[in-house]
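Have a look at the structure below, then the notes.
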Amino acid sequence: MSSENVVFISGATGFIAQHIVKLLLEAGYKTIGSVRSEEKGENLKSLLKSAGLKSDLFSYVIVKDIGAKGAFDEALKAHPEVTVFLHTASPFTFEVHDAERDLLKPAIEGTTNALNAIKEYGKNVQRVVVTSSYAAVAGFADLVTPGKEVNESSWNPITYDQSKANPFVGYIGSKKHAEKTVWKFAEENKPKWEITVVNPVYVLGPQAFEVKDKSKLNTSNEIINSILTAGKKKEEPQQYVGYFIDVRDVAKAHIVAFEKKEAIGQRLLLADAPFNSGEIYDIIAEDFPKLKPELPELDKSKGPKFEDSESIINNEKTRKILGFKFIDLRKSVDDTIAQLQ
Ligand code: NAP
């Protein structure tokens, strides 16, 4: 694909999306991002400019709520030149009251709205990339079979009703059922454009641009940040276990997803390696000795065990399609902490 292409990216202000926008502008793609407000759009524009990126290639449209009927219609009517549509926007927070209203519905309806708008008004669209999640691939908590191998064709068994129980399963279910919507739409509508889905595990790594408010980061990076903030509050941090991938690799994968023909019709399962909070803690202590006195107590024996709670990922197929080596945990943590200093 050449830089003649015009790329639309929903949720352009997001943690992952900002890295994608950065790569798109570096590659010379004209980029249109959807944001929730003019203030957020202007802020992103000024971040792009301060970073020395070709900010004149970037413009934004306002889509306040992806879940509102016809959410993307006006945006695509105004931009018939769009050839690539990247749908990254989806609620990613556990701080909600009603999992169905605040997570499942906006994720699923937001995806349906994007696909319907492309069908109706995206007359030049050739490629569509949807950001799904590992949550759509493997079961978690009660639905996990620890040690079971999962790959690009695996599905989390979670049902819509099970997903309504609480914010954690609500987010997991929102990703699974939003992705199901994508493949169902493709099967029923046989669109002329090609679809690729990206399924990342926990995404860690630095923010694309300078961080003003360091007290709270995006949901997945709180795994790292909470170790520092717990130290300040003299609390023990919550411990995590799972697989990780660096955000810069997730952004690169979104570009490959629409540039390479081998990615057409595929799910790209993005995972580098397993991690746990104890390893992140050790990396911080070793590589940032100045922070050592501020680190909280961490009883590693209390953390969840990989073998009790995780499936085993085989993503050979994805690695082959992408053709680049993933960033490792140490670099991801080091770059994240360095930015927070
Ligand atoms: P993020 O920083 O929270 O970004 C989410 C973006 O979606 C934000 O721009 C947000 O806008 C927008 N958004 C959410 N709900 C919306 C709504 N109802 N209407 C309009 N815009 C809405 O999260 P992220 O980590 O970058 O996640 C991006 C995508 O990757 C999501 O689809 C997420 O599920 C997926 N993913 C993330 C991870 C991870 O570990 N980070 C792993 C797997 C998959 P505001 O900020 O203005 O609310």
Residues (away from the ligand (no atom under 14 Å from the Cβ), part of a helix (DSSP H, G or I) and of a type in the set (S, T, N, Q)) located in region 105-128 = ASN116
Matching residues in region 29-82 - criterion: being touching a strand residue (DSSP E or B) at 6+ places or on another chain (Cβ under 6 Å) and either outside any strand (DSSP E or B) or among the aromatic types (Phe, Trp, Tyr) (or both) | TYR29, GLY41, LEU48, LEU57, PHE58, TYR60, VAL63, ALA75, HIS79, GLU81, VAL82
Tell me, yes or no, whether region 248-256 has at least one residue that is under 13 Å from the mean Cα position of the chain (by Cα), within 16 Å of the ligand (Cβ to nearest atom), on the phi > 0 side of the Ramachandran plot and not β-branched (Val, Ile, Thr).
-> no
Residue count, region 1-43 (criterion: more than 10 Å from the ligand (Cβ to nearest atom) and basic (Lys, Arg)) | 2
If you go through region 204-226, how many residues are within 10 Å of the ligand (Cβ to nearest atom) and β-branched (Val, Ile, Thr)?
-> 2
Within region 257-279, can you find the residues that are away from the ligand (no atom under 14 Å from the Cβ), crowded, with 21+ Cβ neighbours inside 10 Å and of a type in the set (A, V, I, L, M)?
-> ALA263
Check ILE62 against each of (1) within 18 Å of the chain's Cα centre (by Cα); (2) hydrophobic (A, V, I, L, M, F, W, C); (3) within 10 Å of the ligand (Cβ to nearest atom) and name the one condition it does not meet.
-> (1)
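Rule-based calculations on the coordinates, nothing more; no lab input. Note that the structure is predicted; figures quoted are calculated from it, not measured. Counting neighbours? That spans all protein chains shown, and the Cβs are built from the backbone with ideal geometry, glycine included.
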